[in-house]
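First comes the structure, then the notes that go with it.
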Amino acid sequence: MTMTVPTTTPTTLDAERTDLLRALADARAALTATVRDLTDVQAGERPTASALCLGGVLKHVASGEEAWLRFVVEGPTVMTFALPDGVTWAEFMAGTARELPQWAIERERTFQMLPEDTLPAILDRYARVAARTEEIVSTVADLSAAQPVPEAPWNEPGTVLSVRAVLMHVIAETRQHTGHAEILRETLDRRTTT
């Protein structure tokens, strides 16, 4: 069953929405600052022991924000975590699954700077995601409206998240990934962004 969150016509934002959107905008600005003055090649470099690159971190954060705001509007069915027939969660979590689900493959691609990716295109997409988030937050009738999260081993069974909680999660995730991005940038060319 898909639940949708009622919306209203955009009006002047109340203080809470303004504060949440400002916190998210500040987090986004800190993240995008980590790629300032980089080339596409530099954005795709993996300067640490991890497989992370700056372009991939931005892609991943934009995809995560987009998915969570779709969850707000369309409900938990937009974030399904189905496994291929015969694959168990234990195998998937251990990295021994004989086949990966499409959502996992797509998620991994969000962490990569693919040959067709350019840094300007990644930043442009992130700006479009941000604009859509602001539109949704401006028109959602009630920040307390809640929906169950999709079933997955990393989600506590029975958990429901309000629009407010989703926004707080997106802010926290953006800030956390900004920390990763700052380490990548410092390792890449010794420049700091904070």
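The values are calculated or read from the model by the stated rules, or taken from the named source; none is laboratory data. This structure is a prediction, so every number in the text was calculated from the model and none was measured. Here Cβ is always computed from backbone atoms with ideal geometry, including for glycine, and neighbour counts include all displayed protein chains. These accessible areas exclude ligands, DNA and RNA; they are computed on the full protein's heavy atoms, side chains included. Shrake-Rupley method; radii C 1.70, N 1.55, O 1.52, S 1.80 Å.
Odds and ends about this structure:
- Remark on residue 140: its backbone amide H falls under 5 Å from those of 8, a criterion applied only to residues 5 or more positions apart or on other chains, H modelled at 1.01 Å from N.
- Each residue of region 117-134 was assigned a 3J(HN,Hα) from its phi angle through the Karplus expression (A = 6.51, B = -1.76, C = 1.60, θ = phi - 60°), giving 7, 10, 4, x, 5, 5, 5, 5, 4, 4, 5, 5, 4, 4, 5, 5, 4, 4 Hz with x at Gly and Pro.
- Estimated inter-spin distance, residue 13 and residue 127, nm [label 7 Å along Cα→Cβ]: 1.8 nm
- A viscosity of 0.692 mPa s and a temperature of 37 °C, combined with the Kirkwood radius over C-alpha pairs in the Stokes-Einstein formula, give region 22-126 a diffusion coefficient of 212 µm²/s.
- Estimated FRET transfer efficiency when R0 is 25 angstrom, pair residue 183-residue 109 (beta carbons, to 0.05): 0.70
- Whole-Å distance, taken between Cα centres, linking region 31-54 and region 55-96: 23 Å
- Within region 141-168, backbone nitrogen closer than 20 Å to the virtual label 7 Å beyond the Cα of residue 96 toward Cβ: 153-154
- Only one of [x] 9, 39, 38, 13, 1; [y] 9, 32, 33, 22, 5, 0; [z] 8, 31, 33, 19, 7, 1 was calculated from the structure for P(r) over Cα pairs in 10 Å bins from 0, in percent, and its label is [y].
- Accessible surface of region 101-194, 1.4 Å probe, proportion on carbon and sulfur as whole %: 53 percent
- Under 5 Å from the amide H of residue 117 lies no amide H of any residue 5 or more positions distant or on a separate chain, with H modelled from the backbone and absent for Pro and chain starts.
- 3J(HN,Hα) from dihedral phi, region 177-186, Karplus parametrisation 6.51/-1.76/1.60, rounded to Hz, x for glycine, proline: 5, 5, x, 4, 5, 5, 5, 4, 5, 4
- Per residue accessible area of the chain, 1.4 Å probe, in Å²: 55 Å²
- Using θ = phi - 60° in the Karplus curve 6.51 cos²θ - 1.76 cosθ + 1.60, the 3J(HN,Hα) couplings for region 158-165 round to x, 5, 10, 10, 7, 4, 4, 5 Hz; x is entered for Gly and Pro.
- Net charge of Cβ neighbours under 14 Å - reference residue 191; Lys, Arg +1; Asp, Glu -1: -2
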